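Okay, so here's the structure we're looking at.
The values are calculated or read from the model by the stated rules, or taken from the named source; none is laboratory data. Since this is a predicted model, take the numbers as computed values, not measurements. Quick reminder, even Gly has a Cβ in these numbers, built from the backbone with ideal geometry, and neighbours come from all protein chains shown. Surface areas here come from the heavy atoms of the whole protein model, side chains and all, with no ligands, DNA or RNA. Shrake-Rupley method; radii C 1.70, N 1.55, O 1.52, S 1.80 Å.
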Amino acid sequence: MFKLFTNDFWDITARLILRNKIIILVGIIIATFFFSQQWDNMRFTYTEANLLPDDHEINTTYNDFLKTFGEEGNLIVLGLKDSTLFTIDKLNAWNKLSEDFKKNGAVETVISIKDLQKLIKDTNNERFKLEPFIKDSISSLKQIEVLQSELFEQYPFYDNFLFNKNSKTIRTAIYLKKDIVNTSARKDFVINTLLPTIENFEINNNLDVRISGMPYIRTLNSQNIVDEIGKFILAALLVTSFIFFLFFRSFRATFISLIVVCIGVMWTLGIIGLLNYEITVLTALIPPLIIVIGIPNCIFLINKYQHEVKLHGNKVKSLQRVITKIGNATLMTNVTTASGFATFILTESKLLKEFGVVASLSILAIFILCILIIPIIYTFLPFPKDRHLEHLNKRWIGGFVNWMERMVKQQRIAIYITSVVLLTLSIIGIYQIKISGSLIEDMPQESDFVNDIRFFEKEFNGIMPLEFMIDTKRKKGVMKLSTLKRMDELEDLIIEIPELSKPISVVSLVKYSKQAYYNGNPKFYQLPTAQENSFILSYAKNSSSNVDLLKNFVDSTGQYARITTFMKDIGTDKMERIEENIQTKIDKVFPKDRYDVTMTGKALVFQKGTKYLVKNLAISLSLAILLIALFMAYMFRSGRMIIVSLIPNLLPLLVTAGLMGYLGVPIKPSTILVFSIAFGISVDDTIHFLAKYRQELQANHWKIKVSVYGALRETGVSMFYTSIVLFFGFSVFTISSFGGTVALGALVSATLLFAMLSNLLLLPSLLLSLERSIANKEVLREPSINIIPKEDEDE
């Protein structure tokens, strides 16, 4: 009998692999075909990433709002700021554009200048009637002058909704059907109808139309994510294979590695499809991630094969030793990396869970592919030529190893002082880190749709909806004057906040009704008195234009009202202060026994989600550290060894966090991933080093110094190679147009570079300084996992 991870296990594994080459290759081809069939099940996300658990209080509030008033993110806005619009031909063309959109099946309704209605007092019938600002079409400049005068001076109801009276910017509101907002039909409308129609309009009329609104932003953002997957995969393949070739100077070895990682990417996409997961901004990172993690596996295995061939010239024995000697070490390093990602599965966020599941399964899959494909392919290939083995004698690598050894021997105090200084500076930097809840900060900043967002923020104070739902706790309670006055008081506070737009609610409609009652005099745009109320409200309840405004802002029972405002893209800190001020006002104005007022909306849900994610970061990182600590404890049975192994991996994380503080890189969903990813990968170097160190201890009769320097010389080259590949591999993400992905790539690259130096300088220094307390013979005499078999002792 043999136990898992022992020499016997790996000997048997090697024999099975090398004797069943054809069966294994056929099995891999069948599995790859199966996974490729699952690609059809991959879905591109049509909703925002919900960072909160479904049962979280914020989500529950938001879902209650949706049940009462329906989907709130169904508005697309078109904007124009051009003085030439107010000419006969261009204004008619603008109105025709709106009419064309009304005919589309995806559109519920469109509100443009042509759809605006004046409330006119009908004294004969003692009622109000609706009259359009524009009848049919514009035919004279006089009509345009009257229209501008009425819109910009006499009707405040529409100000900041369809126009900005100060800058003369005009808007058209397109409401999509609520049932298509979170489906592929929304994408079809935006890409195939909206954009081509607007483009034609711009060309024909020489006007620059701005487009925004959540359905539009989400569609273009999702499209960018999809477009970047291919770009990342190609860049990762090119960069890692180029570095691989520089190290090995062998087209054959490079090609074999590319085959392995390409199959790994196919399996990854298949896993996403098999599990019916959506392609999100996170899962889109996994295929290039697998290339970056898979190439170091190939380096370890091919490097070992060439080393063995050079040593004794027996190809079959070399391939067997590749599996028996490197198999276990590579398995352990891949398991620790997968564990770093798997900790995300234990968070409550669906987005992170899916990322954790796919990433950890894909990392284990790439290990299986490497250990099977590389030895099997080499059995069919001729003996390596001398030029393929030249890299093993590179002088500059020897110089790098000698420099490390010299530093550890002679400059240990300097290494400790540098580490303490870095730690102190990092802790200072950590206190300067901010949390960002910005919805558009990570979006491509140079893209047209982000520039359009900035345009609408400037002209209309934002496009991200913030909603207030007022529950009066009784039917028809909304239309009571006391309720309307309380709502008006809350709206006055919202108007005072520069980051929020002018609110829209039933209050505005009631004010408009009073203005109409007094023959359209804008001075009377205010809430009616108790005497005026009964007559004026009878109109408000019955009036409607193409969009029933009352229905939009009061539910069918009259118990619930909503106030909608739009917010600028602001940070979490500022938003929390605004929320606090508004909540204080709500508590003061709305008695809790009579009203229940909640604040919600997509922007608020996203910001709360970011805050929640930071807590999850601490949990997932702590779990990753605990898992690695347990693994080290199982390997070495020594408490001090756990500390020694964790210090060189925690220091780079703290340095990176400090850098984020100094450089002003905020904590957000994308940068949150840096720490768990970097920790899971950097600890691989520690495992390789400590495993070799322990084997050297056994071979050198527990002589610490000899063993440390032996391990440093043996593992230093491979650790340097893999760290360089990982550094440049993760740097690929900096070509992204998404700010978060750029930050992720740069920060992980920097962390892994620090981690390499930490593992090659600080780790051996700690081992030498703590000498006997760690190298306890009783502890190490019977290791629990023999990562590097004893056969290595005579090399």
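Of note:
- Helix-only arithmetic for the chain: the sum of -39500 (n - 2.57) across DSSP H runs with n ≥ 4, divided by the residue total, places the mean residue ellipticity at 222 nm at -21000 deg cm²/dmol.
- Protein accessible area in the chain, 1.4 Å probe - carbon and sulfur %: 57
- Rounded to the nearest 10 degrees, the inclination of helix 57-69 to the longest alpha-carbon principal axis of the chain is 40 degrees.
- Check: the chain dipole with +1 on Lys, Arg Cβ and -1 on Asp, Glu Cβ, in debye: 1520
- Across segment 93-232, the relative contact order, built from alpha-carbon pairs under 8 Å that are at least six residues apart, equals 22 percent.
- Only Cα sites of segment 135-251 enter the Debye sum here, all with the same form factor; the resulting log10 I(q)/I(0) across q = 0.18, 0.23 1/Å is -1.09, -1.29, listed in q order.
- For the chain, the longest principal axis of the alpha carbon atoms and the long axis of helix 214-248 meet at an angle near 20°.
- Proximal lysines to Lys574, defined as alpha-carbon separation beneath 22 angstrom and excluding residues fewer than eight positions away on the same chain: Lys434, Lys458, Lys502, Lys585, Lys588, Lys602, Lys608, Lys611, Lys615, Lys668
- Between the residues Val478, Gln143, Leu613, the greatest Cα displacement towards the positive end of the dipole of the chain, with unit charges on the Cβ of Lys, Arg, Asp and Glu, is found for Leu613.
- Projected onto planes of every orientation and averaged, the convex hull of the alpha-carbon atoms in segment 608-659 covers 4.0 nm².
- For Met464, distant residues with modelled amide H under 5 Å away: Met567
- Prolate/oblate/rounded call for segment 613-772, Cα gyration tensor, a/c under 1.5 rounded: prolate
- 3J(HN,Hα) along segment 11-16, derived from phi through the Karplus expression 6.51 cos²θ - 1.76 cosθ + 1.60 where θ = phi - 60°, amounts to 4, 5, 4, 4, 5, 4 Hz, with x in place of Gly and Pro.
- Within segment 621-744: Cβ-based charge dipole about Cα centre, in debye rounded to nearest 20 (Lys, Arg +1; Asp, Glu -1): 340
- Dividing the mean sequence gap of close Cα pairs (under 8 Å, 6+ apart) by how many residues the chain holds gives a relative contact order of 19 percent.
- Per residue solvent-accessible surface (Å²) - the chain, probe of 1.4 Å: 41
- Angle of helix 327-342 to the longest C-alpha principal axis of the chain, folded into 0 to 90 degrees and rounded to 10: 20°.
- Separation of segment 164-243 from segment 672-717 is 50 Å, based on Cα centroids.
- Ordering of 54-64, 167-177 by packing is 167-177, 54-64, highest average first (other Cβ atoms within 10 Å, averaged per residue).
- For segment 151-219, the Cβ-based charge dipole about the Cα centre amounts to some 260 debye (Lys, Arg positive; Asp, Glu negative; other atoms uncharged).
- Projected-area average for segment 181-243 over all orientations - Cα convex hull basis, square nanometres: 6.1
- Cα gyration tensor, segment 257-385 - rounded (a/c under 1.5), prolate or oblate: prolate
- Principal axis box of the chain, alpha-carbon based, largest edge first, Å: 110, 51, 46
- Farthest positive-ward along the chain dipole, Cα basis, beta-carbon charges - from Ile687, Asn552, Ser222: Ile687
- Here segment 338-379 is described by how far its Cα atoms reach on the three principal axes: 47, 14, 7 Å, from widest to narrowest.
- Translational diffusion coefficient (Stokes-Einstein; Kirkwood radius from C-alpha pairs) of segment 399-520 at 20 °C, 1.002 mPa s, in µm²/s: 102
- For the chain, share of DSSP beta bridges that run antiparallel, in % to the nearest 5: 90
- Report note on the peptides 217-224, 14-21, 618-625: ranked by the mean count of other C-beta atoms within 10 Å, highest first, their order is 217-224, 618-625, 14-21.
- Look at the dipole of the chain built from charges on Cβ: of Tyr709, Asn519, Phe468, the Cα furthest out on the positive end belongs to Tyr709.
- Distances between placed amide hydrogens fall under 5 Å for Ile667 paired with Lys434, Ile435, Ser436, all partners being 5 or more residues away or on another chain.
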